[in-house]
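Structure, as structure tokens:
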Amino acid sequence: MKAVEVKHVYFKYENEWVLEDVNFSLEDKEFMAIIGPNGGGKTTLLKILLGFLKPTIGKVKIYGKPPEKNRLLIGYVPQHTNFALDLPITVFDIVLQGRLKKGKFFYNKEDKEKAKEVLKTLDIYNLKDKKIKNLSGGQRQKVLIARALVSEPKLLIMDEPTSAIDPKGQKEILDLIESFNITRIVVSHDIKILLRKVDKIAYIHKKAIIHEGPKLKIPIDKHFCEIELINFLKDEECLI
Ligand SMILES: Nc1ncnc2c1ncn2[C@@H]1O[C@H](COP(=O)(O)OP(=O)(O)O)[C@@H](O)[C@H]1O
Ligand SMILES: [Mg+2]
């Protein structure tokens, strides 16, 4: 069974098509990067994968079922959130919220253990009693990733997780995402994501062009910015 199947998906909010004939699939544990211009339809596609929006035409399946039937298998980190910035709740409470399900309003010991474990994995256990407003952008983003992971999803969907974060924080977050052994779909405005071990790349601008991940041996430990990337790639052939 495929982890994700998107077949002939079209979408419009009002009169104009925002997505046209989008097709791709992902195997379990694959990592897909989505790139493309602002307004190209990336966030809309994610909302369709999450079952928040229904395709106007076409079909989506997540682990064999329509997204709304398999919502519990999906962890989501939304774009640009000012989530909980004004609330007096702690990092630990926010992460625990990821364990809530329909009809479940309190936490048991297992929920708390899982929250601790995820905070440790992401190396932010020391922040557990802090308020979210007192954290840096990178720390906040890790908390939201922890909140998505604590439900033990099979598919993690992230919308621009490294925007508004300093380069060191961006690298840490991309290192983490790369290390997760689950299916991942990550929208990024930063083409350096293409230097990661991605299996597939979708360029979305109303239509989707799908590339296999490049198997490039690029030394990313030293300084490596878009200029070097362009120089590196100029002799490579685009397969599509
Ligand atoms: N709720 C909405 N109602 C109407 N149009 C929308 C709505 N959300 C997004 N759009 C439009 O759909 C297009 C795609 O938006 P979006 O999916 O957010 O793109 P991206 O995430 O690639 O920047 C844009 O033209 C945007 O203005
Ligand atoms: Mg977007």
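The values are calculated or read from the model by the stated rules, or taken from the named source; none is laboratory data. Treat the numbers as computed from the prediction; the structure is a model and nothing was measured. We place every Cβ from the backbone using ideal geometry, glycine too, and count neighbours over all the protein chains shown.
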Looking only at the stretch 175-187, decide whether some residue is among the aromatic types (Phe, Trp, Tyr), modelled with pLDDT of 85 or more and over 21 Å from residue 35 (Cα atoms). no
Total residues in the stretch 181-195, condition in contact with a strand residue (DSSP E or B) (Cβ under 7 Å, 6 or more places away or on another chain) and either surrounded by 17 or more Cβ atoms within 10 Å (Cβ to Cβ) or closer than 23 Å to residue 48 by Cα (or both): 9
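So for the stretch 106-124 (the condition being among the hydroxyl-bearing types (Ser, Thr, Tyr) and either in contact with an Asp or Glu (Cβ under 8 Å, 6 or more places away or on another chain) or within 16 Å of ligand 1 (Cβ to nearest atom) (or both)), does at least one residue qualify?
Of the residues in the stretch 106-124, the ones among the hydroxyl-bearing types (Ser, Thr, Tyr) are 107, 121.
Okay, now just the ones that are also either in contact with an Asp or Glu (Cβ under 8 Å, 6 or more places away or on another chain) or within 16 Å of ligand 1 (Cβ to nearest atom) (or both), so none.
No, the stretch 106-124 contains no residue that is among the hydroxyl-bearing types (Ser, Thr, Tyr) and either in contact with an Asp or Glu (Cβ under 8 Å, 6 or more places away or on another chain) or within 16 Å of ligand 1 (Cβ to nearest atom) (or both).
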Please work out if residue 48 is within 16 Å of ligand 2 (Cβ to nearest atom) and either buried (at least 18 other Cβ atoms within 10 Å of the Cβ) or without any contact (Cβ under 8 Å) to a residue 60 or more places away in the chain (or both). yes
Just checking, which of 72, 96 is of a type in the set (A, V, I, L, M), more than 16 Å from ligand 1 (Cβ to nearest atom) and under 17 Å from residue 182 (Cβ atoms)? 72
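Go through the stretch 153-164 residue by residue and tally those that are more than 16 Å from ligand 2 (Cβ to nearest atom) and aliphatic (A, V, I, L, M).
Residues of the stretch 153-164 that are more than 16 Å from ligand 2 (Cβ to nearest atom), as a first pass: 153-156.
Subsequent filtering for residues that are aliphatic (A, V, I, L, M) retains 155-156.
Selection size over the stretch 153-164: 2.
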Out of the strands (runs of 3 or more DSSP E) lying entirely within the stretch 1-96, which hold 3 or more residues that are more than 19 Å from the chain's Cα centre (by Cα) and farther than 21 Å from residue 151 by Cα? 4-12, 17-26, 57-62
Out of the residues in the stretch 115-172 that are touching a Lys or Arg at 6+ places or on another chain (Cβ under 7 Å) and modelled with pLDDT under 95, which is surrounded by the most Cβ atoms within 10 Å (Cβ to Cβ)? 132
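Can you tell me which of 13, 76 is within 16 Å of ligand 2 (Cβ to nearest atom) and crowded, with 20+ Cβ neighbours inside 10 Å? Step through it out loud before you land on a result.
Details: 13 fails: crowded, with 20+ Cβ neighbours inside 10 Å.
Being within 16 Å of ligand 2 (Cβ to nearest atom) and crowded, with 20+ Cβ neighbours inside 10 Å holds for just one of 13, 76, which is 76.
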Cβ contacts < 9 Å: first residue part of a helix (DSSP H, G or I), restricted to the stretch 130-147; second residue acidic (Asp, Glu), any location; separation 6+ or different chain. Result? 133/86; 137/166; 138/166; 138/172; 142/123; 142/172
